Amino acid sequence: MEKFLQFIMNNKYPIIGAAIAILIIVTGLYHLIIPVALIVLGIYAGIYFQKNKEDVKEKIKNLIDKL
């Protein structure tokens, strides 16, 4: 029993993550998570592009020149 409790204490975050994933699958919330994740990714990309405008322009220019 002590080894089992030690296993639980060492791996509590993966176990919590698995439990949350099971709840998301069972309740069907995964249909909502993907669009929300894409929105968050789009916001993050917009902020990155705005703060690093010159670097992004240079990288895109170099990518187009390589093609």
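The values are calculated or read from the model by the stated rules, or taken from the named source; none is laboratory data. This one's a predicted model, so the numbers in the text were calculated from it and none came from an experiment. Accessible surface areas use protein heavy atoms only, side chains included; no ligands, DNA or RNA. Shrake-Rupley method; radii C 1.70, N 1.55, O 1.52, S 1.80 Å.
Leaving out ligands, DNA and RNA, and with a 1.4 Å probe, what % of the accessible surface on the chain is carbon or sulfur?
Numbers: 4660 of 6480 Å².
Ligands and nucleic acids excluded, carbon and sulfur give 72 percent.
Suppose all protein chains stay in the model; what accessible area per residue would a 1.4 Å probe give for the chain, in Å²?
Numbers: 6480 Å² over 67 residues.
Computed with neighbouring chains in place, this is 97 Å² per residue.
Report which label in [x] 21.1, 64; [y] 18.3, 61; [z] 10.6, 31 holds the value of Rg and Dmax of the Cα atoms in Å derived from the coordinates of this structure.
Of the listed options [x] 21.1, 64; [y] 18.3, 61; [z] 10.6, 31, [x] comes from this structure.
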